[in-house]
Amino acid sequence: MTSSWIVSGTQVGDLFVRDGVFVDSEPADAQRIDATGLIALPGLVDLHTHLREPGREDAETVETGSRAAALGGYTAVCAMANTDPVADTAGVVEQVWRLGKDAGLVDVQPIGAVTVGLAGERLAELGAMATSAADVRVFSDDGHCVHDPVLMRRALEYVKAFDGVIAQHAEEPRLTAGAQMNEGDTSARLGLAGWPAVAEEAIIARDVLLAGHVNSRLHICHVSTAGSVELIRWAKSKGWRVTAEVTPHHLLLTDELVGSYDPVFKVNPPLRTEADVLALREGLRDGTIDIVATDHAPHTVEDKECEWAYARPGMVGLETALSIVVEAMAGTDDIWGRVTDWMSVTPARIAGLSQQGQGLRPGAPANLTLFDPSLTWTPGPSELMSRSHNTPYAGRELSGRVVATFLRGEPTVLDGKAQK
Ligand SMILES: [Zn+2]
């Protein structure tokens with residue numbers, strides 16, 4: 001079944017949808033949505049989501065994560081490979097891809113592991129995953145760094161055959177052994193073991209050199225330090241094929257919050273300093289950092305609400321991302337055009353998703369998000385549809401909220417409510 005829509009009163013003019021695509025004339029018998037005062041954006045695309053299925057369905061499933069994504073304005077998410085079993089074979093990536101189709105709320109694009117079992121010892125079946133029904137183009141051991149430089153070089157070379165990209169979790173593990181938070185003044189004051197900026201920067205420096213050497217595509221996950229931004233800026237000045245992402249929380253929150261000892265603020269990489277936050281914002285504004293990705297990391301109460309040292313790192317983020325990015329990047333010229341690039345067009349291009357990130361033009365798939373900048377809301381257990389509720393924004397009033405999302409012309413969210 002297909003339906004036709006007229007979305008009137010948007011800042012880009014009226015939008016017309018028929019048979020799943022935007023068209024340039026008003027379809028007959030269409031349903032009308034008055035979007036006056038709303039921001040119309042192409043459906044958002046998240047390059048870095050943890051959906052936890054298979055293996056940890058108590059924290060999230062493909063379906064619950066898809067629903068959270070749709071409520072956050074997303075029409076596609078890339079599902080990280082650190083599931084149980086790990087998504088390191090054609091069988092597992094196809095399983096995740098099919099679960100996404102069954103849920104039908106967003107396009108779920110599996111990411112394949114770089115190494116078998118994320119163990120960093122031998123390459124996974126990259127080619128088999130690329131030629132599977134899931135059509136994998138992004139490979140990552142996220143949660144772990146691909147530490148062996150020879151394996152990293154071979155992975156970069158291997159994926160060139162099908163225009164794939166290696167997404168690196170940049171963390172020199174020996175420099176972060178036992179780390180509990182960012183290494184700096186706050187860790188010294190709190191007496192917690194530090195995760196130094198150089199552990200991220202050393203791997204980024206090595207990997208941009210490798211990517212340049214073999215002329216292959218490297219993507220840096222969740223960049224968190226000012227020094228990393230400088231290194232990526234340098235790599236891009238060389239013309240190397242390097243892209244990078246920043247999370248909403250690294251654009252807004254600092255390591256001083258760890259002083260509360262509330263494990264909701266425990267993430268990997270850790271929250272950094274105010275100077276890092278400002279450098280990340282500047283890097284995003286000047287194009288050094290290409291995209292915003294959520295690193296949506298749901299955890300159960302048992303895994304998260306415990307003593308700081310034992311809590312799992314990560315926070316949920318799909319439903320709050322757009323509000324947080326708009327808050328963090330306030331004052332940016334043409335903010336909605338930039339958000340379109342950061343959160344839809346460019347992540348779709350990096351991930352090779354041809355049905356996503358195509359904008360709001362006639363002929364493009366009708367993936368659409370309507371955001372009401374005048375609404376305020378407070379995320380909490382009753383508001384969030386993710387199965388886990390480890391959000392740092394509970395009790396904090398956020399500005400602006402997604403009120404409708406369309407996936408190829410079909411509403412997945414209307415009036416702020418998920419349609420499935
Ligand atoms: Zn990571």
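The values are calculated or read from the model by the stated rules, or taken from the named source; none is laboratory data. Fair warning: this is a prediction, and the values are worked out from it, not measured in the lab. Neighbour counts are summed over all protein chains in view; Cβ atoms, including those assigned to glycine, are modelled from backbone coordinates with ideal geometry. Accessible surface is based on the protein model in full, side chains and every heavy atom, while ligands, DNA and RNA are left aside. Shrake-Rupley method; radii C 1.70, N 1.55, O 1.52, S 1.80 Å.
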Next item on the list: Report the extension gain between LYS420 and PHE162 in nm, rounded to one decimal, defined as 0.36 nm multiplied by the number of residues separating them, less their alpha carbon distance.
Entry: 89.4 nm
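Given just the C-alpha atoms of the chain, how large is their convex hull per residue in cubic angstrom? Kindly include the intermediate steps, with their values, before the conclusion.
Working: hull volume 53.0 nm³, N = 420.
Measuring per residue, one finds 126 Å³ for the Cα hull of the chain.
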Notebook entry, point to check: By its C-alpha gyration tensor, with a ≥ b ≥ c as the square roots of the eigenvalues, how is segment 1-47 shaped: rounded for a/c under 1.5, else prolate for a/b larger than b/c, else oblate?
Noted result: oblate
Item checked: For peptides 78-91, 390-403, 311-324, sequence by mean Cβ density within 10 Å, most packed first -> 311-324, 78-91, 390-403
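Restricting to bridges with both residues inside the chain, how much of the DSSP beta-bridge set is antiparallel, in percent to the nearest 5?
On the way: 24 of 51 bridges.
In the chain, DSSP labels about 45 percent of beta bridges as antiparallel.
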Next item on the list: Please give the net charge around THR61, taking every other residue with its beta carbon less than 11 angstrom from that of THR61, where Lys and Arg add +1 and Asp and Glu add -1.
Entry: -2
Note to self: For a quick check, take a GNM of the chain with Cα springs below 10 Å and name the residue from VAL214, VAL325, VAL77 with the largest mean-square fluctuation.
What the structure shows: VAL214
Notebook entry, point to check: So what's segment 274-420 giving for Rg/Rh, alpha carbon basis, Kirkwood Rh from the mean inverse pair distance?
Noted result: 0.97
Notebook entry, point to check: Angle, helix 149-159 long axis vs. longest principal axis of the chain, Cα atoms, 0 to 90°, nearest 10?
Noted result: 30
Next item on the list: Report, ordered by chain and residue number, the lysines lying within cross-link reach of LYS417, taken as a straight Cα distance under 25 Å and ignoring same-chain residues fewer than 8 apart.
Entry: LYS101
Notebook entry, point to check: Can you run phi through the Karplus equation (6.51, -1.76, 1.60; θ = phi - 60°) for segment 31-41 and list ³J(HN,Hα) in whole Hz, with x for Gly and Pro?
Noted result: 7, 10, 10, 8, 9, 4, x, 9, 9, 9, 10
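Leaving out ligands, DNA and RNA, what percent of the accessible area of segment 339-420 is carbon and sulfur, probe 1.4 Å? Numbers along the way, then the final one.
Working: 1620 of 3340 Å².
That fraction is 49 percent.
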Check: Peptides 166-172, 242-248: what's the order by average Cβ count within 10 Å, highest mean first?
Finding: 242-248, 166-172
Checklist line | Cut-off 10 Å between beta-carbons: net charge of the residues surrounding VAL106, Lys and Arg +1, Asp and Glu -1 | finding: -1
Next item on the list: Apply the Karplus parameterisation 6.51 cos²θ - 1.76 cosθ + 1.60, with θ equal to phi minus 60°, to every residue of segment 284-295 and state each ³J(HN,Hα) to the nearest whole Hz, in sequence, with x for glycine and proline.
Entry: 6, 5, 8, x, 5, 8, 7, 9, 9, 10, 6, 6
Check: Using modelled backbone amide H atoms (1.01 Å from N, in-plane), which distant-in-sequence or interchain residues come within less than 5 Å of ILE33's amide H?
Finding: ILE6, VAL7, SER8
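Compute the signed sum of charges (Lys and Arg +1, Asp and Glu -1) over the other residues within less than 11 Å, Cβ to Cβ, of VAL136. Intermediate results must be reported in sequence, preceding the final value.
Working: positive: ARG137; negative: ASP88, GLU94, GLU125, ASP135.
In short, -3.
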Next item on the list: Using amide H atoms built 1.01 Å from N in the peptide plane, name the residues 5+ places from VAL21, or on other chains, whose amide H lies under 5 Å from its own.
Entry: ALA366
Next item on the list: Return one number: the angle in degrees, 0 to 90 and rounded to the nearest 10, between the long axis of the Cα atoms of helix 226-237 and the longest principal axis of the Cα atoms of the chain.
Entry: 70
Next item on the list: Could you tell me what percent of the accessible area of segment 149-211 is made up of carbon and sulfur, with a 1.4 Å probe and every protein chain present?
Entry: 54
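Per residue, how much accessible area does segment 1-43 have with a 1.4 Å probe, in Å²? Present the calculation step by step, with values, prior to reporting the outcome.
Numbers: 2210 Å² over 43 residues.
Value returned for segment 1-43: 51 Å² of accessible area per residue.
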Notebook entry, point to check: Toward the positive end of the charge dipole of the chain, about the Cα centre and with charges on Cβ (Lys, Arg +1; Asp, Glu -1), which of TRP377, ILE291, SER260 goes farthest?
Noted result: ILE291
Margin query: Taking all protein chains in place and a 1.4 Å probe, what share, in percent, of the accessible surface of segment 1-75 do carbon and sulfur account for?
Written below: 46
Next item on the list: Would you list, by chain and number, the lysines whose Cα falls below 27 Å from the Cα of LYS160, excluding same-chain residues fewer than 8 positions away?
Entry: LYS236, LYS238
Check: To the nearest 10 degrees, how steep is helix 90-103 against the longest Cα principal axis of the chain, on a 0 to 90 scale?
Finding: 40
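Provide the per residue accessible area, probe 1.4 Å, for segment 196-276, rounded to a whole number of square angstrom. If you can, show how the numbers build up before the last one.
On the way: 2600 Å² over 81 residues.
Here the per-residue accessible area is 32 Å².
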Notebook entry, point to check: When we measure straight from the Cα of LYS420, which aspartates and glutamates land under 13 angstrom away, once same-chain ones fewer than 8 places off are left out?
Noted result: GLU63, ASP102, GLU410
